[in-house]
Amino acid sequence: MTSARPASSRLAELRQPLWPVEERRWLQIIERACSFADAWERKAVAEGWSLLELYGLHRSAPGYNLAAMGAAWLIARGQDTVLAVSEARILVQRPTGNGLAIYRPPRDLDAELAWVLARAGGSKASGPSTAPGGPPPGVALW
């Protein structure tokens, strides 16, 4: 999936949070997602990752349904540093020094690109910030 406009410019336009979060924190997340787009999107797309797999969010629970959350959002929320991108996974280093692998998720029919979701009015759904019982599908500690 390609776009006439770079994802970083679309992400930078998301000034209003798509889930309940302090504005300052939201702007940090956007800045990190834009950094991912600038540094790694081309490589990820070349490896077969779709824009939805990178920048998707769940329509009704964008900040809480981690299984539908694109890799860029997972990385930006966690303040992670990308180490490598392959067809199957993105390897990151957490701020704690631990490694994390984000695997390409199965298609979630309730996922939508963040900028499309924002145009549609976004969501302010509330819910838990992490999946109970461990990491969400597609995320593994390494």
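Taking the conditions (1) at pLDDT below 95; (2) under 23 Å from Glu13 (Cβ atoms) in turn, Glu112 satisfies each one other than (1).
Regarding Glu112, is this residue among the acidic types (Asp, Glu), within 14 Å of the chain's Cα centre (by Cα) and assigned to a helix (DSSP H, G or I)? Judged against the criteria, Glu112 is not a match. One residue alone among Trp26, Trp73, Trp19 is without any contact (Cβ under 8 Å) to a residue 40 or more places away in the chain and within 18 Å of Ala114 (Cα to Cα), and that residue is Trp26.
For Arg5, the conditions (1) over 25 Å from Gly121 (Cβ atoms); (2) more than 15 Å from the chain's Cα centre (by Cα) all hold with the exception of (1).
Residue check: is Leu51 over 12 Å from the mean Cα position of the chain (by Cα), in contact (Cβ under 8 Å) with a residue 60 or more places away in the chain and either exposed (fewer than 15 other Cβ atoms within 10 Å of the Cβ) or more than 15 Å from Asp80 (Cα to Cα) (or both)? Spelling it out, it is not the case that Leu51 is over 12 Å from the mean Cα position of the chain (by Cα), in contact (Cβ under 8 Å) with a residue 60 or more places away in the chain and either exposed (fewer than 15 other Cβ atoms within 10 Å of the Cβ) or more than 15 Å from Asp80 (Cα to Cα) (or both). The set of residues in region 90-104 that are in contact with a Lys or Arg (Cβ under 7 Å, 6 or more places away or on another chain) and crowded, with 20+ Cβ neighbours inside 10 Å comprises Leu100, Ile102. For region 67-79, the tally of residues that are out of contact with any strand residue (DSSP E or B) (no Cβ under 7 Å at 6 or more places or on another chain) and surrounded by fewer than 24 Cβ atoms within 10 Å (Cβ to Cβ) stands at 5.
The values are calculated or read from the model by the stated rules, or taken from the named source; none is laboratory data. If you're wondering where the values come from, they're calculated on a predicted model, not measured in any experiment. Note that we place each Cβ from the backbone using ideal geometry, even for glycine, and neighbour counts take in every protein chain shown.
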